[in-house]
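Below is one structure, written out as structure tokens; the observations come after it.
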Amino acid sequence: MADTAVLAAQTVAAKARPAGTALAARLAELDLPTGGFTRAARADAAARLEAMGLPGARDEYWRYTDPAPFNAPTADALAYTDRESTLFGGIDRLKLVFVDGRFDASASDALEGEGLEITTLAAADAAGDHWAADLYGKLEASGQKPVKRPFAVLNTLAAVDGVLIRVTGKVSRPVHVMYRRVALDADVTVHHVVRLEEGSELTLLETGGIGARSNVAMEVELGREARFHHIASKRADDAKVGIGHVFARVGEGALFKSFTLSVNGSMMRNEGVIEIVGDDAVAHIAAAVLGDGGEGRFHHDDTVFITHAAERCESRQVYKKVLKNGAHGIFQGKILVKPGAQKTDGYQISQGLLLDEGSQFLAKPELEIYADDVKCSHGSTTGALDETAMFYLRSRGVPKEQAVVLLVLSFLADALDEIEDDRLRGDILTRLDEWLTSRASA
Amino acid sequence: MLNIKNLHVKLEDEDKQILKGVDLTVPAGEVHAIMGPNGSGKSTLSYVLSGRDGYEVTEGEASLYDHDLLDMEPEERAAAGLFLAFQYPVEIPGVGNLTFLRTAVNAQRKARGEEELSSGEFLKLVREKAKTLQIDAEMLKRPVNVGFSGGEKKRNEILQMAMLEPKMCILDETDSGLDVDAMRLVAEGVNALRSPERSFLVITHYQRLLDHIKPDVVHIMSNGRIIKTGGPELALEVEKNGYGDLLAEVG
Ligand SMILES: Nc1ncnc2c1ncn2[C@@H]1O[C@H](COP(=O)(O)OP(=O)(O)OP(=O)(O)O)[C@@H](O)[C@H]1O
Ligand SMILES: [Mg+2]
């Protein structure tokens, strides 16, 4: 079985290359791992990718974002400063350091903790058997309907490393994935798998610069009554190109919460694909984005798909983007309520705050509902700073630049409120405040 | 303290003249009231004095002791000692009332070259002032004016005034929407701040507030001008007879 899979992968690669397609060129630059426990999943991904190909500019799902930087065979080398991320520095946590997408054991804490089973993809993949085999590439594959997400498939096929976490208890100490990039042209593909067993709890933090180009996938399965908090901060001012996917399957009575902060960068797309499969579950996904197009290009796309397949579940999407100097912000968000998913409470809000006329926010909210007893709402707004609030603050002596900072924080507040933990939210807020204040006059 | 001479103001985007030659002087230590029919330009005057965008001064001048007000940014006017209690206080979701107050107090201190208050000093001060206005701790923590009742918003304006200790306080219909007790609290708040170095310009439609805050001078504004100035008895006259006679008087 395993050997057939390898063969399949090789056949696919062999077939693809001579064709001279964009996909072949893309794959030619990658060192595709054969895989141990992931072998079958990788072979399956190879076949799926071969069938779907890479997205083109005419692809409906890529209407607002040009996939070219993700399609390119190699990453453009980018200058950057290698400073270590200090975010969450004051919080007791389990640190896992990834340098250019590879786990650095010497810089990391020991892979152990109460209620945790942690290993890295690279280490585990040497063996033929692992609990993560049930999930690796599986949630990703089921997240391919109704729209194709080729870069997630590519990730399953090509991921070299990542972290595999099985949570069996209520873990109070967050697990912190800290990315560092060293090579100027680091083209990084990482794949994380998290499984929360019944009644377990975990907070996962992600910070730092991943690579000149990054492709990060995370698959999370939440068992009954499990709670998962995910807080990611994409490193500020790094001219990165990045695509990320979070695939979650949320079980009965479970709680899934994900928040992402993105500050600058050049080209980013984050996809969230959440399937609520158990009754009485809750799934929230939120992002706060600050983009300055003046430092090159800024294009930030959030694409979310939430499926309600159970009763009495709640979902929330909260997306806030602050854009200036010609920055572009995109939001595509969909709530799908399947037949029988009665008493669904679905909410979606996406808002763009444009600090000048050259910037642009585009939103495509969608609802598709096949149950009759549901409550779903969505809203989207695009606007400038509120002149009245601005005057109110200034009339109290707050200088204009500082007033803008306060109003930007005010605008982002609903998204930040999705971070439940006060200290973690406080750290993010302080980081934002410092960053905004230091750039206030720019 | 406040000197306004022949002030003409029109809307920036529209050919609409709102103030048509306002003359007004408020000496230090005095309390002046402005009354006048709806739409006569009272709020506009307060906005123009505090530097709101959207208005164009076509003629005249306004100064706050030695500052030429009209040349200054709103925050500079505030730091120089001007304060406007808004007719409609603004809600700012996501910004805590305390954060807002502290930012404002320290920004003004910084602008005047004074030491900023530490968070301990600030909290002590704000709790003390909030207490006299019966503003509870929970209200201080809530986002600025969000979910406040009309009366709470007005008390919150007076709290800001008490914290900022301005020299020239303009109160735009601070009495509207207040119940009897809140009115007394607000008036006490204002009276507590009265001093020979501080002046007040109180815009109101009713005598009620003036029962508590005794004005030295009352001005009547109509159609963009001060049409009459007198003592406290002028307010009583308006209360009794409305504006009809006064308007007829000036033609
Ligand atoms: N930004 C604006 N756009 C259009 N009209 C305006 C604007 N600002 C003021 N006005 C007009 O100017 C006039 C004066 O308004 P203002 O608010 O100053 O009156 P007021 O004396 O404060 O009235 P009230 O007693 O009702 O509060 C009104 O006719 C008002 O409609
Ligand atoms: Mg008014």
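The values are calculated or read from the model by the stated rules, or taken from the named source; none is laboratory data. Bear in mind the structure is a predicted one, so any value in this text is a computation, not a measurement. Cβ sites come from the backbone with ideal geometry, for glycine too, and all protein chains shown count toward neighbours. In case anyone asks, the SASA skips ligands and DNA or RNA and just uses the protein heavy atoms, side chains included. Shrake-Rupley method; radii C 1.70, N 1.55, O 1.52, S 1.80 Å.
Some observations on this one:
- Per atom type, the protein assembly as shown shows carbon and sulfur on 48% of its accessible surface, probed at 1.4 Å.
- Summed residue charge, Cβ within 13 Å of B:Gly150's Cβ, Lys/Arg positive, Asp/Glu negative: -3
- Placing pseudo-labels 7 Å out from each Cα toward the beta carbon at A:Asp59 and B:Arg208 gives an inter-label distance of 6.5 nm.
- For A:Ala384, neighbours were defined as the other residues whose beta-carbon sits under 9 Å from its Cβ, and their charges (Lys and Arg +1, Asp and Glu -1) total -4.
- Descending semi-axes in whole angstrom, ellipsoid equivalent of the protein assembly as shown, from the Cα gyration tensor: 60, 24, 23
- Chain A, relative contact order in percent, only Cα pairs under 8 angstrom and at least six apart counted: 10 percent
- Model label points for B:Asn6 and A:Asp345, set 7 angstrom from Cα along the Cα-to-Cβ axis, are 6.5 nm apart.
- In the context of the full protein assembly, B:Phe86 retains an accessible surface of approximately 0 Å², using a probe radius of 1.4 Å and ignoring ligands and nucleic acids.
- Seen against the Cα atoms of chain B and their longest principal axis, helix B:97-111 is set at about 80 degrees.
- Ordering of A:150-159, B:160-169, A:412-421, B:9-18 by burial proxy (mean other Cβ atoms within 10 Å per residue, highest first): A:150-159, B:160-169, A:412-421, B:9-18
- Taking a straight Cα-Cα cut-off under 18 Å and skipping sequence neighbours fewer than 8 places away in the same chain, the lysines within cross-link reach of B:Lys131 are B:Lys141, B:Lys153, B:Lys154.
- Relative contact order (percent, whole number), chain B, Cα cutoff 8 Å, 6+ residue spacing: 28 percent
- A probe of 1.4 angstrom, applied to the heavy atoms of all protein chains, finds A:Trp131 with accessible area near 40 square angstrom.
- A versus B: buried accessible surface, summed, Å² (probe 1.4 Å, to nearest 100): 1900 Å²
- Within straight-line reach of B:Lys10, meaning a Cα separation under 13 Å, sit the following aspartates and glutamates at least 8 residues removed in sequence or on another chain: B:Asp53, B:Glu56, B:Glu59.
- For segment A:2-385, the equivalent ellipsoid derived from the alpha-carbon gyration tensor has semi-axes of 28, 26, 23 Å in decreasing order.
- Above-threshold pairs, the threshold being 25 Å between Cα atoms, out of A:Lys145/A:Lys338; A:Lys170/A:Lys234; A:Lys148/A:Lys364; B:Lys129/B:Lys214: A:Lys170/A:Lys234
- What the Cβ-Cβ distance of B:Glu116 and B:Glu249 gives, at R0 = 60 Å and to the nearest 0.05, is a FRET efficiency of 0.70.
- The value given for segment A:312-442 is a Kirkwood hydrodynamic radius of 16.6 Å, derived from the mean inverse Cα-Cα separation.
- Taking 7 Å steps out from each Cα toward its Cβ at A:Lys145 and A:Glu420 produces label points 3.1 nm apart.
- In plain terms, if you count all Cα to Cα distances in chain B and split them into 5 Å steps from zero, the share in each step is 1, 6, 13, 17, 19, 17, 13, 8, 3, 1, 0, 0 percent.
- Between segment A:135-192 and segment A:351-416, the Cα center-to-center distance that results, in Å: 31 Å
- Gyration tensor over alpha-carbon atoms, segment A:275-343, equivalent ellipsoid semi-axes in Å: 33, 10, 7
- Within the straight-line cut-off of under 17 Å between alpha carbons, the lysines reachable from B:Lys240 are B:Lys228, sequence neighbours fewer than 8 places apart in one chain being disregarded.
- Charge tally for B:Tyr243 (other residues, Cβ to Cβ under 15 Å; Lys, Arg +1; Asp, Glu -1): 0.
- Accessible surface, the protein assembly as shown, averaged per residue in Å² (probe 1.4 Å): 40 Å²
- Residues in segment B:99-123 that, when all protein chains are in place, have 50 Å² or more less accessible area than the chain alone would give (probe 1.4 Å): B:Phe100, B:Thr103
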